[in-house]
Structure formats: structure tokens, C-alpha cells
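The values are calculated or read from the model by the stated rules, or taken from the named source; none is laboratory data. In this text, all values refer to a predicted model and were calculated from it rather than measured experimentally. Quick reminder, even Gly has a Cβ in these numbers, built from the backbone with ideal geometry, and neighbours come from all protein chains shown. Protein only, heavy atoms only, side chains kept; ligands, DNA and RNA dropped before computing areas. Shrake-Rupley method; radii C 1.70, N 1.55, O 1.52, S 1.80 Å.
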Amino acid sequence: MSMQWVRCRNIRYMKLLFTIFIFTGIICMLAIVQNQNTSECSDIAQKPTKSSSKVDVIKKKSCQPHKHIFFMKTHKTASSTIMNMLFRFGESNNLTFALPAYNSSQFFYPFYFNAAYVEGYIRKTILKFDIMCHHMRFQLGEVEKVMPKNTFYFTILRNPVSVMESSYTYYNSIDSFIKTKSLENFIMNPYKFYNKTSKYNSYAKNLMTFDLGFDNNGPESSKYFQLVQKSVEIMFNLVLITEYFDESLVLLKDALCWTYDDVLSFPLNSRSNATRKVLPVKIQERIKIWNQLDWQLYAYFNNTFWKKVDEFGRERMQQEVKELRRRRALQMEICLQGQVDPKYITDDSLKPFQAGLARILGYNLKQGLAESERSLCKRLITPELQYSYLLLNKTKQKTSKAKMVRKIFKSKIGRFGHKAIPL
């Protein structure tokens, strides 16, 4: 009887082991199949196909919109247009902006950025920031004190010839330009006018290099070029190119997992043609030599930009740029009477700041817009300074409400003790 019991027990034990083995095998097979499916979906999302709509559907399922964003706003690169886009996204998603303290329009440029320059950071009236996008001289360590760890960093570069032509028009009153008759006059003999020790010398030489935190008077050597290029590549997730603005917006939309509506924009802070100048080739070449650090930086990231376009897919890019432009044209048709000289802008709150010799154009809204349409249309054309002021007021209202809540909370703790706060 004893031997029979042992035999039965052993048989039951073997059956149990066999069942566990089969069950485990089934689970493993399911896991392998699931992993294969996941990797296939991931590959489809990353490798563009001819059907961009399928890619978009997969990406919508697999990614969430980025809401922690740092934009390094470089000068004279169409960065004001991108800034407006970020303002609208942050406002519509109730995000908190890291704004310049003391009602300033920028983070105390041309000094290096410091976390103390952010409204609410020192006094801790604001505990979390989502978006930062005002002018600064970049300093990564200080920015990281303010922004969350999962922040998406991006910036924009432009051909240094165009940057300098624009900079001369905007900042003609700085000491390096003020005694010159023209940009040609300056660039033919720059050392006669250029003041290396001037606080604002960056506007006259390697402006983008300076904005990004490097020495705009640094050595023009291959080692230094590579140092700047690789540093920017490491610090930023994406570098846009002004000359390919719509392609840049498509890449940004894809990287941030945003929609067409999120990157919809109208050109802002643009000059009238009367204050633009087509420069002779000889002058353009001299500008490149004078701004060699900027030129090497631009050339490098112009090359990497098109590598990213190739990864995205050229055909897909063409389709998405076409769609973006269609939507922009449609929105302009809904919103605008047209782009006009500032003296013809009827709404004072929409008049852009005028700088130097430049004539900054603005817009008039169409009459009879529905309230929802008017609100969006006005946001799309609100200049940088006015929009910043609106956001600052909203931020102050938020912090004052938060203070009131904390005050009430503390008073209840005082009355009831921390274990008996009524809910």
C-alpha cells in the first residue's frame, strides 16, 4: 500500500511538472510573438513608408506629445515665429512658462543665463516649469536647474550672411556699426570698426555662436569648429534650419509628437522689402570669412538636417510640407486682411516693436470673425512682447491663487492639526 501511494504521488508530481512546462512554454511563445509585433510596429513608426497616413496612425498610438520644451531662441533666425507657436501650445495646454524676471523681455542678454533670472525661481513661487523660449546666452547647467530632466531641447540656425544683413539693420546703433556708412563699408574693413571688448560685440560677429554660449571671438581652427559642433549636437535634440522652415516644422512636429495645428504659424517680426538688401557675392564671401565660426556651425547642421530628412523620408516630407502650407494658407484666408506696414495696423496691441533701420510688418484681422476664430487668429499674430506680457500676467494670477490656497491650507492646519484637516 505504501509503495502504491509513493508511485501515485510520483505520477501526480510528473504530471504537475509537465503541465507547468507546457504552460511556461505557451507564455514564452506569446511573449516572443508580442515582442516581435512590438518591434515591427516600432520599425514601421521609425522607418517611413509610402503611406504616411499609416505611419501617423501608429505614431499617435505609440507616443505622447512632449510638454517639457526648451527652445534656444537665436537672433535673426525666424525664431519669433517659433516662439509664438510655443506660446500658443503652452497656453492651450495650461503649461507653465519660465519667463524673464523683473518684467524683462529676455534673460538679461548678453550675459550668460542664470536660473535666478527666471520669474518665481528664487522665491519658489513657481515650483515647476514646462516651457522656456526667451532670448538668452545659453548655459546648459543653469537651464537644467529650471527645466525638468525629460525636457526636449531644440534651436534654429540660419545662413550667417542673412543673419548679419538682418543684424546690421536691426542693431545699427551699436558701437561696431554706428560709425559705418553701410554693411559693405563695415565688412570691407571690419577691424577698423569692430570693438571686441564691447558688451554688444556679438551683434557684429558670430552672433549664433555667441547665443549658444561659445566665444564668438574664439579660434578659427578645425578643433574649435568641431568642439562647437559636437557640443551643440550633444546638448540639443534637434537643430532647425531657417532656409527650410516648413521642413523644420515637420521634423519638429514629428519629434514632439504634435499635430499640424500645434505647428501652424504665420511669419512674425519680418521686415519690409524696403529695408532688405541683396548683397553682392563678394560681400557675402567676406561675411562668411568674418563669421567663420557661425558659417562652420551652419554648414555642419545644414548637412545633418538633410540626413534627418532622409531618415524621415523625402516623399513623406514633401507630402507633409504640402499639407502644412495648405493649412496655413487656409488659416490666413480665414484670419487676415493682409500683412501691412505698422502705421496701418488698426489694433495697437498687434503692433510689433520697431528696431533700428528695419521696418517690422504686422497684420490686421478680418472683421466679423466669430469669437473662437478671432481668439485663435489674434494669438497667431500677437507680437512677442505683447504675448509675453499676457503670459506673465497669467502666471502671476496662478501664483497668487496658489498662495491663497497655501495660506488657507496652513490656517486649517493651525486650527485642526495636521491629522484632522477637514476635506
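Shown here for the stretch 200-249: chymotrypsin sites (Phe, Trp or Tyr not before Pro) in loop regions (DSSP other than H, G, I, E, B) with at most 15 other Cβ atoms within 10 Å, namely Tyr200. Each residue, Gln226 and Ser173, gets one label point 7 Å from its Cα in the Cβ direction; the gap between the two is 4.4 nm. Just need the relative contact order of the stretch 98-167 here, percent rounded to a whole number, with Cα pairs under 8 Å and 6+ apart. Taking the mean separation of contacting Cα pairs over the length of the stretch 98-167, I get 32 percent. Of the solvent-accessible surface of the stretch 286-330, computed with a 1.4 Å probe over protein heavy atoms with every protein chain present, carbon and sulfur atoms account for 49 percent. Distance between the 7 Å Cα→Cβ label points at Thr197 and Lys394: 4.6 nm. The apolar share of the surface of the stretch 174-263, taken as the fraction of accessible area on carbon and sulfur atoms (1.4 Å probe, ligands and nucleic acids excluded), comes to 51 percent. Listed by chain and number, the aspartates and glutamates whose C-alpha is less than 20 Å from the C-alpha of Lys76, apart from same-chain residues fewer than 8 away, are Glu165, Asp175, Glu184, Asp211, Asp215, Glu243, Asp246, Glu247, Glu285, Asp294, Asp341, Glu384.
For the stretch 68-133, applying the loop criterion from DSSP together with a ceiling of 16 other beta carbons within 10 Å to the chymotrypsin sites (Phe, Trp or Tyr not before Pro) yields Tyr102, Phe111. For the stretch 90-242, a simple Cβ point-charge model (Lys and Arg +1, Asp and Glu -1, everything else neutral) yields a dipole of about 320 debye relative to the Cα centre. Whole Å is fine, so just give me how far the alpha carbon centre of the stretch 79-139 lies from that of the stretch 158-190. Rounded to whole Å, the Cα centres lie 29 Å apart.
Among the listed pairs Lys253/Lys288; Lys124/Lys199; Lys73/Lys394; Lys145/Lys205; Lys73/Lys253; Lys149/Lys322, which are separated by more than 27 Å between their Cα atoms? As for pairs spanning more than 27 Å Cα to Cα, those are Lys253/Lys288; Lys124/Lys199; Lys145/Lys205; Lys149/Lys322. Looking at the stretch 339-380, the chymotrypsin sites (Phe, Trp or Tyr not before Pro) that sit in a DSSP loop and have at most 16 other Cβ atoms within 10 Å of their own Cβ are Phe353. When the P(r) of the stretch 279-351 is calculated, the portion above 19 Å amounts to 67% of the C-alpha pairs. Solvent-accessible surface of the stretch 241-378, taken per residue with a 1.4 Å probe and all protein chains present: 52 Å².
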